[in-house]
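Accompanying notes for the structure given below.
Rule-based calculations on the coordinates, nothing more; no lab input. Model, not experiment: these values are computed from the prediction. Cβ placement follows ideal geometry from the backbone for every residue including glycine, while neighbour counts extend to all protein chains displayed.
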Amino acid sequence: MNSPARFPTDFVWGASTAAYQVEGATTEDGRGPSVWDTFCAVPGNVLDGDNGDQAADHYHRYNDDLDLIADLGLGSYRFSIAWPRIQPTGSGKANQKGLDFYRRLVDGLVERGIRPMATLFHWDLPQALQDRGGWENRDTAERFAEYAEICFDALEIRDWLTINEPKTVVDCGYREGQHAPGFKDDARAFVACHHLLLAHGLASRVLHERHAGRRIGPALNLHPTYPADDTPEALEAARHQDGLENRLYLDPIFKGSYPEDTLRWISERGPMADYILDGDLAVISEPIDILGVQYYTPIFVDAKGERVFLHERTQAEWLEVYPEGFHDILVRVQRDYPGVPMIITENGLPTEDAPGPDGRVRDERRITFLRDHLAAMHRAMEDGAQVEGYHVWSLLDNFEWAQGYSQRFGIVYVDYSTQKRTPKDSALWYRDVVKSGELR
Ligand code: PNW
């Protein structure tokens, strides 16, 4: 290799988790039920009948986990706040014990010199709000803004993320049914989409009105789309797919309008457009201060618009390994949606590696994946992409939604019977990258 890729000295290195995936303690200290508790209770929804009741027990072990983050030398920890801990039924006055947990977490981070980055919604909607229509009900967006205000006022955190991956909620939760709330209904899905975006905008406004100097943005999973061959049909299919994957979320936030082609396609399938009220797009396009970008996989589509896989596969059937896609999407966002610094809020893959007889977890494949993706991100930065930081998904092995505990995305191995944590080889490799600021 020629000269090593060097990152700016102020580049921020971190790791991510999400409340339902790591915390456990789902009935403690007044937490109310979320849609994921409900979803997991239905046989067949989650592999092996797994649920988040214990997960990685982070709710009780957060102090050890903070030590782990500090030992790895990380400068940032991205976690999510469980709405049902703060408002057990999704509205009304705050549950003090829920807030206290996140206060202790933030204090622990600050004491260790680690920057907290909080996601307000990583999919664990209070079940009581789902019972009133969930994201199909416009009121949920208003409730979200109220919940966000409680969090902003109670927690001393500079950087906030509103909604984690609205696209995954829309596609997996409402179109394909493999995530909570488990619907398969395009018409309802895009109504939910509009209200998720509205929630993002309303909360962003609240932050700007109440807390100058803080920053907020969405965490979008972006998927560069490519034609699988050079027919005009495949090219057109890739453009259509780009609308559903990327522009449907980026355009309203950055430009204050839904992409016309995509909205037309959606309108042939349901009433989303009827739910867009005067002024909504002005709310949704409230200027953001940071853009959270999550990159996992490209999407190649053929002339029929079907997804095809052309590269190395992983244990996650939707994830094909294509580091160049990371470069492409960052450069494209910089070009088409300029002016907002990007922070990578997730990137990673599942591997099956477990501790060997010597206790080491040899996840060579994750090291290769991370090295190749960091190199691609670095090239994008050289090409002008304004990227402030990077968070690996995930700090810990955790509850991987419909796949339960079968897929391990952590750089730290979790033995779920003892809750023992073992940093994998990738964690030790990452620690060296963070320390040196360069990729060798
Ligand atoms: C993201 N897909 O989810 C989430 O933000 C994390 O909570 C999750 O653990 C991680 O990526 C790994 O899956 C996704 O089917 C789930 O394309 C599914 C898809 C994409 C992202």
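Values computed for the structure shown
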{"quantity": "Options Val106, Val42; residue that is among the hydrophobic types (A, V, I, L, M, F, W, C) and assigned to a helix (DSSP H, G or I)", "calculated": "Val106"}
{"quantity": "Flag for Ala41 being on the phi < 0 side of the Ramachandran plot, buried (at least 24 other Cβ atoms within 10 Å of the Cβ) and among the hydrophobic types (A, V, I, L, M, F, W, C)", "calculated": "no"}
{"quantity": "Lone qualifier among Tyr390, Tyr337 - being touching a residue at least 24 places away in the same chain (Cβ under 8 Å), under 16 Å from the mean Cα position of the chain (by Cα) and either more than 29 Å from Asp48 (Cα to Cα) or more than 16 Å from the ligand (Cβ to nearest atom) (or both)", "calculated": "Tyr390"}
{"quantity": "Candidates Glu352, Glu317, Glu382 - the one that is of a type outside the set (Phe, Trp, Tyr), without any contact (Cβ under 8 Å) to a residue 60 or more places away in the chain and within 19 Å of Gly437 (Cα to Cα)", "calculated": "Glu382"}
{"quantity": "Where Tyr275 falls short, out of the listed (1) among the hydroxyl-bearing types (Ser, Thr, Tyr); (2) more than 22 Å from the chain's Cα centre (by Cα); (3) over 22 Å from Leu220 (Cβ atoms)", "calculated": "(3)"}
{"quantity": "Enumeration of residues in the range 384-438 that are in contact with a helix residue (DSSP H, G or I) (Cβ under 8 Å, 6 or more places away or on another chain), within 22 Å of Gly292 (Cβ to Cβ) and surrounded by fewer than 19 Cβ atoms within 10 Å (Cβ to Cβ)", "calculated": "Gly384, Gln386"}
{"quantity": "Verdict on Gly410 being within 14 Å of the ligand (Cβ to nearest atom) and either in contact (Cβ under 8 Å) with a residue 40 or more places away in the chain or not acidic (Asp, Glu) (or both)", "calculated": "yes"}
{"quantity": "Qualifying positions in the range 312-327 - away from the ligand (no atom under 16 Å from the Cβ) and over 19 Å from the mean Cα position of the chain (by Cα)", "calculated": "Glu312, Glu324"}
{"quantity": "Members of the range 355-377 found to be over 17 Å from Phe409 (Cα atoms) and either buried (at least 22 other Cβ atoms within 10 Å of the Cβ) or in contact with a helix residue (DSSP H, G or I) (Cβ under 8 Å, 6 or more places away or on another chain) (or both), listed by number", "calculated": "Ala375, Ala376, Met377"}
